[in-house]
1. Roughly to the nearest percent, how much of the accessible area of segment 56-198 is carbon and sulfur, given a 1.4 Å probe?
2. Can you sort R33, R119 by solvent-accessible area, 1.4 Å probe, largest first?
3. What accessible area per residue comes out for segment 98-170, rounded to a whole number of Å², with a 1.4 Å probe?
4. Considering only DSSP states other than H, G, I, E and B, which GluC sites (Glu not before Pro) in segment 79-155 qualify as loop sites with at most 16 other Cβ atoms within 10 Å?
5. What does the net charge come to around T100 if you take all other residues with beta carbon closer than 14 Å to its beta carbon, with K and R at +1 and D and E at -1?
6. Taking the Cα atoms of segment 79-151, what is the range of coordinates along each of the three principal axes, in descending order and whole Å?
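The values are calculated or read from the model by the stated rules, or taken from the named source; none is laboratory data. Since the structure is predicted, the reported quantities are computational estimates derived from the model, not experimental observations. Neighbour counts run over all protein chains shown; Cβ positions are idealised from the backbone, glycine included. Only protein heavy atoms, including side chains, enter the accessible area calculation; ligands, DNA and RNA are left aside. Shrake-Rupley method; radii C 1.70, N 1.55, O 1.52, S 1.80 Å.
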Amino acid sequence: MTDAKVFKRERVKRDVREARAESASQALAGFPRGGEWMVWTFGQFSLVDALWALLRQTGPADVSIATWTAAGADTTRAEQFLAEGRIRSIRWLVDRSFETRQPEYCATLRRLFGDDVIRTTRTHAKFITVRNESWDIAVRTSMNLNHNPRLEFIEISDDPLAAAYLDGVFDEFFAGQAPGVMNGELPPVRPLAGIEAGRRS
């Protein structure tokens, strides 16, 4: 994780929709194989609701979740999905301030899942992968893993390249940081060619 990460692909057909449905299951019903949807919500459902709706379509899958914060009820629901076999394996990447900012919620996350599947860094990124033998879902979103009744967006792609790209971010943090480190730092970043100390050539 020493270089800027850039994901590029050819133009894809995207379906943009406003989610005025009452639930994530209604809003995301019929998400197609190979599809890409950008959905605007107005607080009707949370990110864990969207995860539930996706797992209903994909069947049991391996899940990676990056979030700035996570409420206790939402991590408990994710653990329930794991206990029920809807999630086969799970990994977490959370902001290093989570333990001091929300100590109770952080303790719940650690108790439910264990330090082996949690890594920390300075992050505000929110993304999820949901992958199995048939699906490679990459989720990019403004939502944290908590209920937040505000305008939010969620972009969902069934795209092996995008899902592998996001999982690669997890792989690097998991390879480079020991379990139980709750104050993880950003790795050192080499400047891009032609850019020096904030000045572009």
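1. Working: 3610 of 6780 Å².
That fraction is 53 percent.
2. Values: R33 150, R119 15 Å².
Sorted by accessible area, descending: R33, R119.
3. In whole numbers, segment 98-170 has 44 Å² accessible per residue.
4. Here the GluC sites (Glu not before Pro) that fit, given the DSSP loop and packing criteria, are E84, E133.
5. On the way: positive: R96, R101, R110, R122; negative: D95, E99, E104.
Residues near T100 contribute +1 overall.
6. Extents along the principal axes, in whole Å: 39, 31, 23.
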